[in-house]
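Bear in mind that the values in this text are calculations on the coordinates, not laboratory data. Since this is a predicted model, take the numbers as computed values, not measurements. When we count neighbours, we look across all protein chains shown, and the Cβ atoms used for this are built from the backbone with ideal geometry, even at glycine.
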Amino acid sequence: MSKFVPGIYGGIDCGTGSIRLMIISVTDDGCSEVLIHKTVKHNLRYDLHEDGIIKNNTIEQLVEINQDFAKISNTYQTKLINAAATESLRSAKNSAEVLGALTKAGIDYTIIDGINELEASILGASNSLNNMSEHFYFVDSGGSSTEFSLVQNSNFKPIAGDSLRIGVVPLSKELEAKGDKTSPADIEKMTSSLTNIFTDTKQGWPKVPSKINEVVIASTTMSRFCFLQKGLGHGKMRYGEYYDLSLDDLHTILKNMSDMTLPERIKNPDLNEDIAHYILPTIIQSIAILNATGARTARFIQNSVCRGLALQAAIKKDKASNG
């Protein structure tokens, strides 16, 4: 019996810096076609950084975005929307108030924990993982948290994993607090600290028969950066596209980016403002992950939680239909 029921399903991922909507057409074997993928920025990151309380104007902003998403969903005659909030609302002091407002906007949200976020991210990335080894590390690099896991390729399930509150937004704040130009000493200090965190995290994980050489990192910042470096302009990335970078590649990019001040990166026509702010902590974090795991290459993909949530909606519908 098929794991999926064919139809049109949606996933909504409310993250720290933006909300993503993806609507896909799913076949009974789980293959999918992206019908629409929309990302809208919001102000959650600023409220969380200030005092952890989501302000009324931000709640109103979120309601407006979700009202628009509900209309889009209706236009596509979506069978089911799977909407989830991650660390953005896990850490908010008034998350219940925000969820209530979003429900009134026409979309029911669930706050998911780090492991559920990992499962959605891995499922959503499955079209980029077919040629991976039997075991590999998978990292979901988010704005407020980083989900770090060991995955078995045969079923795309995490064998072990942890959610770490070391997202690129607070890391960027830490670097920018030291000035517009990041020093080699600050880079080395952050790299060393993150390497130790990732190393300590995986100490208690199960051992696998062979050395793991591959890491997949779901990072919109890094995948977008790679896309722009290909000279493709500021168009849309093809979903499922990925970029393999070596440790040496990452060190080269880190040097090039850290040689510029933040204002210079913001004005750089080959970047955009989000990349300008988050590229340094993203690369530092990626280097730390490779250092901690012993892998020499990282595969960068787009954030995949949204597609995973949509696929989970198809699975949930199947379970419901099976009574």
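Quick notes on this one:
- Shape call, region 128-303: gyration tensor on alpha carbons, a/c limit 1.5: oblate
- Each Cα pair under 8 Å and six or more residues apart adds its separation to the average, and for region 128-303 the resulting relative contact order is 30 percent.
- The value for the chain of Rg(Cα) / (2.2 N^0.38 Å) is 0.97.
- A simple charge model with +1 on the Cβ of Lys and Arg, -1 on the Cβ of Asp and Glu and nothing else charged puts the dipole of the chain at about 420 debye relative to its Cα centre.
- The residues CYS306, CYS31, when put in order of fewest to most other Cβ atoms within 10 Å, stand as CYS31, CYS306.
- Normalised contact order of the chain, rounded percent, pairs of Cα under 8 Å and 6 or more residues apart: 23 percent
- DSSP beta bridge pairing in region 137-227, given as percent antiparallel to the nearest 5: 75 percent
- Spatial offset of region 1-58 relative to region 253-276 amounts to 28 Å, using the alpha carbon center of each.
- In region 128-303, taking the dipole from charged Cβ atoms about the Cα centre, the farthest positive-side position among GLY294, SER258, LEU194 is held by GLY294.
- When the Cα positions of TYR76, ILE112, PRO6 are compared along the charge dipole of the chain, PRO6 comes out farthest toward the positive end, with charges on each C-beta of Lys, Arg, Asp and Glu.
- Sparse-neighbour loop sites [trypsin sites (Lys or Arg not before Pro); region 269-319; at most 16 other C-beta within 10 Å; DSSP]: ARG296
- Sorted largest first, extent of region 243-323 alpha carbons per principal axis (Å): 59, 33, 17
- Residue-averaged 222 nm ellipticity for the chain, from DSSP H runs of 4+ at -39500 (n - 2.57), nearest 500: -14000 deg cm²/dmol
- Most fluctuating residue given options GLY124, GLY204, GLY143, as computed from a GNM of the chain linking Cα atoms under 10 Å: GLY204
- Percent of beta bridges antiparallel (DSSP, region 80-220, rounded to nearest 5): 65 percent
- Each Lys and Arg adds +1 at its Cβ and each Asp and Glu adds -1 at its Cβ; summed about the Cα centre, region 119-263 shows a dipole of about 160 debye.
- Between region 86-115 and region 166-209, the Cα center-to-center distance that results, in Å: 28 Å
- Cross-linked pairs LYS79/LYS104; LYS3/LYS202; LYS41/LYS267; LYS93/LYS189; LYS178/LYS255; LYS3/LYS79: Cα-Cα separations exceed 25 Å for LYS3/LYS202; LYS93/LYS189.
- Relative to its Kirkwood radius, the Cα radius of gyration of region 22-179 gives an Rg/Rh of 0.99.
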